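Visitor: Let me give you the structure first, and then I'll get to my questions.
The values are calculated or read from the model by the stated rules, or taken from the named source; none is laboratory data. Here the structure is a predicted model, which is why all the values come from computation and not from measurement. Here the Cβ is made from the backbone with ideal geometry for all residues, glycine too, and neighbour counts use every protein chain on show. Heads up: the accessible areas ignore ligands, DNA and RNA and are worked out on the full protein's heavy atoms, side chains in. Shrake-Rupley method; radii C 1.70, N 1.55, O 1.52, S 1.80 Å.
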Amino acid sequence: RPVLARRAALAASVALGLGLSGGTGYWFGRTRRTDDLDLIVGAHVRALQPGHAIDVVSADGHTVKPWFDGKVDFSPPVKDLGAEGFALIGGRLDYVEGRVAAVIVYRRRQHQIDLFVWPDSSGTPTAEAGTIDGYHARHWVQDGFAFWAVSDLNDSELDEFLRRWRAA
């Protein structure tokens, strides 16, 4: 009997420990995603201030992509979506989450879309969406990169941008 009681107590302790660690991991993961969204939207809003939006102004992907050479240690994918209604207007560097990010800048009518890009070797295909103060953001991981698209476009147009960008 005492052995059985000790085993039951040990099993209960292990179950409690796993439950607490899983819950704690979930909570901190959830908080991190919220913080990431805040940081990305904040970087987008700062870029909208006069003189901060674009470091290289060009509608030509063959000008924008090489501009990042030597400024970041990766080659960000730059896609021309002008024919689909999302004009490439340039790129810039930003600093987000403790890392340098390449930002490819698009325009849909009078709305700027910032596509933040940096390497992500986690291999975890994540996708999430969020909205802060009227700015909509989409996050996904693809082909070894983490992407955040941010704009004040409505949700459906930002989703259309993502579909077209990923299909290009």
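Visitor: Run the helix sum for the chain: -39,500 (n - 2.57) per DSSP H stretch of 4+ residues, divided by residue count, reported at 222 nm to the nearest 500 deg cm²/dmol.
Guide: Taken over the chain, the calculation gives -13500 deg cm²/dmol.
Visitor: Out of V150, F74, A59, whose Cα points farthest toward the positive end of the dipole of segment 34-168 (charges: +1 Lys, Arg; -1 Asp, Glu; placed on Cβ)?
Guide: In segment 34-168, that residue is A59.
Visitor: Take the solvent-accessible surface of the protein heavy atoms, probe 1.4 Å, and return the percent of it on segment 52-107 that carbon and sulfur atoms account for.
Guide: Roughly 52 percent, rounded to a whole number.
Visitor: How far apart, in nanometres, would the label points at A11 and R109 be if each is projected 7 angstrom from Cα along the Cα-to-Cβ direction?
Guide: Here the answer is 6.3 nm between the modelled labels.
Visitor: Remind me, what semi-axes does segment 90-168 give for its equivalent ellipsoid, largest first in whole Å, using sqrt of 5 times each Cα gyration tensor eigenvalue?
Guide: 19, 15, 12
Visitor: Determine ³J(HN,Hα), in whole Hz, for all residues of segment 72-87 in sequence, where each value follows from phi through the Karplus function 6.51 cos²θ - 1.76 cosθ + 1.60 and θ = phi - 60°; x replaces Gly and Pro.
Guide: With the stated coefficients, segment 72-87 comes to 10, 9, 8, 10, x, x, 10, 10, 8, 10, x, 5, 8, x, 10, 6 Hz.
Visitor: Now for a separate question. On average, how much accessible surface per residue is there in segment 32-114, in Å², for a 1.4 Å probe, leaving out ligands, DNA and RNA?
Guide: In whole numbers, segment 32-114 has 50 Å² accessible per residue.
Visitor: How would you rank 4-14, 83-93, highest first, on the average number of other Cβ atoms within 10 Å across their residues?
Guide: Top of the packing list down: 83-93, 4-14.
Visitor: Next question. Expressed in nm², what is the orientationally averaged projection area of the convex hull enclosing the Cα positions of segment 126-168?
Guide: 2.9 nm²
Visitor: Also: Using the Cα centre of the chain as the reference point, and only Cβ charges (+1 on K/R, -1 on D/E), how large is the resulting charge dipole? Debye, rounded to the nearest 20.
Guide: 820 debye
Visitor: Oh, and also: If the viscosity is 1.002 mPa s and the temperature 20 °C, what translational diffusion coefficient in µm²/s does Stokes-Einstein give for the chain when Rh comes from Kirkwood over Cα pairs?
Guide: For the chosen part, D equals 121 µm²/s.
Visitor: Can you work out ³J(HN,Hα) from phi for every residue in segment 40-54, in order, using Karplus 6.51 cos²θ - 1.76 cosθ + 1.60 and θ = phi - 60°, giving whole Hz and x for Gly and Pro?
Guide: 5, 5, x, 5, 5, 5, 4, 5, 6, 5, x, x, 10, 6, 9
Visitor: Right, another one. Each residue of segment 153-168 in order: what ³J(HN,Hα) in whole Hz does its phi give by Karplus 6.51 cos²θ - 1.76 cosθ + 1.60, θ = phi - 60°, with x for Gly and Pro?
Guide: Computed from phi, the couplings for segment 153-168 are 4, 5, 4, 5, 6, 5, 5, 5, 4, 4, 4, 5, 5, 5, 7, 6 Hz.
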